[in-house]
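Accompanying notes for the structure given below.
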Amino acid sequence: METRNIAIIAHVDHGKTTLTDGLLKQTGMVEEGTSMDSNALEQERGITIYAKPTTLFYKDTKINIVDTPGHADFGSEVERVLRSIDSVVLVVDAQEGPMPQTKFVLKKSLELGLKPLVVLNKIDKPAARPEEVHEEVLELFMDLGATDEQMEFPYIYAIGKEGQAFKSLDDERKDLTPLLDLIMDVVPPAPNDAAAPFRMQPFNLGYDDFVGRMAIGRIYEGTITSGQKVIIKKSTGETRPGTITKLMQFKGHEKVEAKEASAGDIVMIAGIADIDIGETICESADQEPLPAITVDEPTIGMEFLVNNSPFAGQEGKFVTTRQIRERLEKELEINVGLQVDFADGDHFKVYGRGEMHIAVLLENMRREGFELQVSQPKVIIREEDGKKLEPFEEVTVDVPQEFSGTVIEKLGKRKGVMTNMKNNDNQVRLTIEIPSRGLLGYRGQFVMDTKGEGILTSQGIGFKPHVGPIEKRSVGSMISMVKGKTLGFSLANLQDRGVLYVGANVEVYEGMVIGNSAKGDEMNVNPTKGKQLTNMRASGSDDALNLTPPLKVTLETGMEIMSDDEYLEITPENIRIRKQVLKENERKRK
Ligand SMILES: Nc1nc2c(ncn2[C@@H]2O[C@H](COP(=O)(O)OP(=O)(O)OP(=O)(O)O)[C@@H](O)[C@H]2O)c(=O)[nH]1
Ligand SMILES: [Mg+2]
């Protein structure tokens, strides 16, 4: 049977997973209502976090598809996947047009010599502009230096949500057959020399409590059987022996155990406990290793430590330094872009590809029952040839005209440089290059400045020379000076002086940050103070008070609004911000 290997790539939310699910459903691989976004966190957030391979069968051909994540923090994962497939389906939202991640993944694909197939998706959106967006995609190909052959990309329109694709806007809109046929037409069959000596290369890792670390990768040549002895070769030529103890293939949303697999296939294998991304698994030591796959360096870092707040241990099952350490060690088995420095005893320095990358780890940990604290995320500063370098991002902002001035001004103050500006009716699209340091903590401000009508996305563009100090107007913290339960009466007064992070009837402790202070200074307050009770009024009759709903502290908002001398306290039930030093007089002494 012939095999075709493709990856679906796009900017976040442009419809990759919906389209993959549609293809699986149409070819009878899965039940209605199931999704490739199978992880609990993925379902809750509605985004793909992990790249996942799947397989479908169409016209006697096996089509392996890797659904990739669109969020910028997971970009390096996409890059690795691209090394293992033969063609990409580039999905573009026919209203939004090409966005930063579209550019990033397309650039990587073109550099690898892949010939993309373009899907202009979501053309059911009332503001969709498929023809214009097609032009924009063409321009993007050109800007990115596509070859003549790549420029002639085939394209198709789609409404992924309805499971429809059609070659021309007037065609009948029935199902995804036109897309499947296009894939058959333009994606070259995978080389399938099953008799050659075996060679495979992992682009991703998995973990299973029973069999340990697993490698997901493509078989380039030959055949592999469960139980087979192999050689693992680094790109440097270094070798070591290993045995495949388990072999799995993908099918719909399932993984199925297999006895044998051969060239062209994407498989998951167990048995090599120390297998790493980009190594070559082969039959004999004299085979050539496949070209190395590099893993992008982390851009931000923060400390993880035990929860030592006054409320520590009330909600979590795993609370000790040793348990946190073991959990991080386990994470390192599979989380390819993550790095941890355990040198400092009980403050572990965790480095990742962005706030979202680390937030996903923290969210998984609290769901498993962990309690811990983390410090404010800091971008990583590198030194090369005596020069200081820092990570930069390209930011794309879509805002109504009236807000563009404010956005340009605010990002300018944070050392952003505008590289492009495009008007479209009353909407403006700005492209701005800015140090990641300048962008940290800006998103909340952006939502306020654009009254929730702006969209801001960013994409890491590597390290560039350090731009020196960046001044940010910071708001101060409003801190509880007592332990107790918040009362609506005092909150009603406090909400005039800043944004509150807690509502009424919430347990707080001394040193806990309960809001910000608009004035900018640290403010110590008592949020538990009630009104003087009289015989006539019982306590708790706060109902009539007009309380603004508090700003909910989540992992991401928390990391963004916390300051340098604070910790984010994370438990299975709560996320709180607190001062590192809880007592006011001790803070002052510092
Ligand atoms: N209007 C419209 N919405 C769609 C269509 N296809 C998908 N969507 C919606 O777009 C949103 C994102 O879809 P996904 O398939 O999760 O997008 P994705 O590209 O996989 O997103 P990430 O994996 O997070 O990058 C969902 O709310 C879908 O229901 C479409 O054809 N038309
Ligand atoms: Mg997705």
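Where a number appears in this text, it was derived from the coordinates with a stated rule and is not lab data. Every value quoted in this text rests on a predicted model; they were computed, and no experiment measured them. All Cβ positions, even for glycine, are placed from backbone atoms using ideal geometry, and neighbour counts span all protein chains on display.
Listing for the model above:
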| quantity | calculated |
| --- | --- |
| Surrounding net charge for Leu362, when Lys and Arg each add one and Asp and Glu each subtract one, Cβ distance under 12 Å | -4 |
| Distance cut-off 43 Å, percentage of C-alpha pairs in the chain lying past it | 28 percent |
| At 0.890 mPa s and 25 °C, Stokes diffusion of region 121-180 via Kirkwood alpha-carbon radius, µm² per second | 195 µm²/s |
| Whole-Hz couplings from phi, Karplus 6.51/-1.76/1.60, listed for region 368-373; x for Gly and Pro | 7, x, 8, 10, 6, 10 |
| Phi-based couplings in Hz for region 222-238 (Karplus 6.51, -1.76, 1.60; Gly and Pro marked x) | x, 10, 10, 10, 4, x, 6, 7, 9, 10, 10, 10, 7, 5, 7, x, 4 |
| Loop-exposed chymotrypsin sites (Phe, Trp or Tyr not before Pro) per DSSP, neighbour cap 15 Cβ within 10 angstrom, longest uninterrupted part of the chain | 343-590 |
| Using alpha carbons only: equivalent-ellipsoid semi-axes of region 2-186, gyration tensor based, whole Å | 21, 19, 18 |
| DSSP loop GluC sites (Glu not before Pro) with at most 13 other Cβ within 10 Å excluded, longest remaining stretch of the chain | 239-367 |
| Over region 382-465: Kirkwood hydrodynamic radius from C-alpha pairwise inverse distances, Å | 13.2 Å |
| Which of Ser284, Gln427, Thr27, positive extreme of dipole for the chain (C-beta unit charges) | Gln427 |
| Alpha carbon centroid spacing (whole Å) that separates region 279-337 from region 29-70 | 24 Å |
| Antiparallel %, DSSP beta bridges [both residues in the chain], to 5 | 80 percent |
| Contour minus Cα-Cα distance for Asp276 and Leu551 (0.36 nm per residue) | 94.8 nm |
| Lys/Arg +1, Asp/Glu -1 at C-beta; the chain dipole; positive extreme among Ala196, Ala40, His466 | His466 |
| Gyration tensor verdict on region 1-90 (Cα atoms; rounded if a/c is under 1.5, prolate if a/b is larger than b/c, oblate otherwise) | oblate |
| Hz values of 3J(HN,Hα) by residue in region 197-208 - Karplus curve (6.51, -1.76, 1.60), Gly and Pro given as x | x, 5, 8, 9, 9, x, 10, 8, 10, x, 9, 9 |
| Under-30-angstrom lysine pairs by C-alpha in region 382-465, whenever the two are 8 or more apart or on separate chains | 18 |
| Projected area, mean over directions - region 199-282, Cα convex hull, nm² | 5.0 nm² |
| Helix-only [θ]222 nm of the chain, DSSP H runs n ≥ 4, -39500 (n - 2.57) each, per residue, nearest 500 | -6500 deg cm²/dmol |
| Theoretical FRET efficiency, 1/(1+(r/R0)^6), r = Cβ-Cβ of Ser38 and Asp181, R0 30 Å, to 0.05 | 0.60 |
